[in-house]
1. Quick one: check the C-alpha center-to-center distance for the stretch C:194-213 versus the stretch A:159-217, whole angstrom.
2. With r as the distance between the Cβ atoms of A:ARG65 and C:ASP240 and R0 = 60 Å, compute the FRET efficiency 1/(1 + (r/R0)^6) and round to 0.05.
3. What does the C-alpha gyration tensor say about the overall shape of chain A? Classify as rounded when a/c is under 1.5, otherwise prolate if a/b is larger than b/c, or oblate.
4. For chain C, build the convex hull from the C-alpha positions and give me its volume per residue in Å³.
5. Could you work out the pair-distance distribution P(r) of the stretch B:125-225 from its alpha-carbon pairs, with 10 angstrom bin width and percents rounded to whole numbers?
6. Name the helices (complete DSSP H segments) of chain A with a Cα length along the long axis of 15 Å or more and a Kyte-Doolittle mean of at least 0.0, or state none.
7. Set the Förster distance to 22 Å, then compute FRET efficiency between B:LEU220 and B:GLU195 from the Cβ-Cβ distance, nearest 0.05.
8. Quote to one decimal, in nm, the extra length available between C:LYS264 and C:GLU233 on full extension: 0.36 nm per residue of separation minus the C-alpha distance between them.
Amino acid sequence: MLEYPSSVEDLYLASFREEVEPSRPVLTGDVFEGVTIPGVDERDYALILTHPCSMRKDGVNLVDRLLMARVTEAPDLPLPDWATGHFKVMPLPALMGGSYAARFAEIGLVQSSQVQDSRRVACLTPFGINLLQQRFIWHLTRFLAPTHRLNEASASVFEEADLCEEWVMVTTEQGGTAHQAETDFHEWIRTEDESGTRRQSDLADPQRRAGIRREMRRHLQTRSG
Amino acid sequence: MKLAFDSESITDESTGTSIGLRDTTEAPTRTIADLVQHVGFLKNRTRVLVADSNDVHHSADELHAESLDQLLRTTTAQHAREPLAEMLEGLSDSGFSWREIARLAGVSVPAVRKWRQGESASGENRHRIARVTAFCEIVGEQYLIDDVASWLETPFHTEAPVTGLDLLTNDRFDLAMRLAGDDGVDPESILEQFEPDWRERYATSVEVFVAPDGQPGLRLREGDS
Amino acid sequence: MTPTGRPPYPNAPLALTVLEIRYPELEEGVGRRAQQHMREALRGRLPLIENIKEEQIELAIGAPMPASVQRRSFPRFTTRDRTTALVVKEQALAIETTEYEGWEENFRPLIAQVVTAFAHISPPDGLLRIGLRYIDEIRVPEIMALPGDWRPYIDEHLLAPADPGFIPASLRPTTWQGLVQYRTASDSTLTVRYGPQDGHAVNPRGSTRRKDAPDPGPFFLLDSDSYWQAGDEVPEFDADWIIDTCNSLHEPTREFFRIAATDKLRDEVFDAPRRHGT
């Protein structure tokens, strides 16, 4: 049936607000505090459901509205129980030291400006995002999509997010602004390398990713002199 | 490129003969893998000697595995004396993402971030980083794997998403070493030892395809719908 | 490989193409300066360079002698997608590719560029052997297990050991490999190894990358090795002469491939849309 993590740690890149790296681009699975979801309720925690490939209109700026789910406290579930029930939620154990869940029946479109003004408190790992998508797809359609296929489809976006985070972090440490850094990164990742292939396309190939990372790191070192 | 077969592999040991049969054909044009000798050739050579000699008590396989294990231990001990930041930068220069480095170390990404900022790691975590560093060095130098990070990130079997990183994360350095060093190893045998239920786990009729908008999507494989 | 040496086949069976040139040993191997010059000369085609270290260990079993270790290093040049590589050692160089895009369009110009640069930068004292090898893994969707009925796809003359008209019913072939050598010129030979095999002939995980390697399974091997070998006289390492010789070596391999494959194989398999490894 549905899959579940072998440990809670497999879910999160950051599970406390202090752990969230500000330079990381906003992505599916990110949890924010103080978000109002129209038609749901007022200001509370919310998680982004919008697909990673659909979040940005130009590769840098978020689309006008993001689909989000209300996140509330929930009973702690044994991990194997995720597989056979609780299909209306995505469990979020150990979030902010407590036990929470994202509720698929309490969703709505939120202005991305509101999201950007809110505080991000958690980010999921790629595996966490894949589990989230699997459960949401199941909730909507009763179709079981294996997480390893979901990962295959989204892996390049996950890699790009990691690279962007690193680029922005290095750039802002050197005094640049985050938005300009994201723009510069986006331009770089869409440029063709010497072999004529777009670096962004290369991220879809697991054999090419390490090479892109090395190239980016060399570029950042050269740029900083 | 190593050829996966040779003329010996097609037959079992032939019936002995008192006549010295001579292959009169010219040795073939050599591929790059034929030109490049590596440590594994010792294994092949001693395999022949074992068949002929009564003085050797261990098979070349056992000797080979033992010596690699010892090499990994000694190289790990050498690297463990290096500053942690140096080992981390080395892995980064190789092309690993920080997320992968955290996974290999068995810690969270924020923990690695703190290490990079100067915080110390536990002895166990240092040892894990040293071991990964040692592994990468050994397979790069002994087995001439040009891009270790790419090799570890790429699934080693076409029908399962399991990578060398998965082996290392689960402490199966032995299997990863075999995968690196033995041109004749069947990846499926490695997979069987690592995840005996891999066929059931990864069997799916869902495939990834490129949708008309150029982005990946999921669908049922033709013939399965 | 294709009859015209061009790549019109979307689903060509060619897994690997290799050119190997052997020469008298370079005393100092390919030194660092020569490597740098080669790198500059080949940067447009083979922009990546790696230094490969090699250890040769000599053991005497049963004798109380220490092992001796010889260490050498040599350059390996590759394309960024690692599907094409050049290795230069003290006694031979080899160029190989898993993305053959035609003799005239791609591989011969690459050979010309490499040998011209090498002849200029670090010329060996002579030429001993030039070999051009094509390794085809011919896979047919309908054949899912060995030995397979290849009669519609491969010329019958290459299937003789399994011909029911030849083999008694009590003998069931499981697999076989034929080997034939043809004299193509006074100093040139074409050797063809052929027969049904299983898995891969060319390692899908080799250091020269195979994009979209097929799944392991039954295939008919055509391993065509066309080579010239020095006789009593060892000629000079001359780039133009090498290129002309390569042209001559290419013809017989092309011809053999043409006669080995049936029209059905060309039409229904080679011309079918490219199948990707899953």
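Coordinate-derived values only; no laboratory data. Bear in mind the structure is a predicted one, so any value in this text is a computation, not a measurement. Cβ placement follows ideal geometry from the backbone for every residue including glycine, while neighbour counts extend to all protein chains displayed.
1. 33 Å
2. Rounded to the nearest 0.05, the efficiency is 0.35.
3. Verdict is prolate for chain A.
4. Per-residue hull volume (Cα only) is 181 Å³.
5. The distribution over the stretch B:125-225 is 13, 38, 27, 18, 4, 0, given as percents.
6. A:126-141
7. E(calc), rounded to 0.05, equals 0.35.
8. Contour length minus the Cα-Cα distance gives 6.6 nm.
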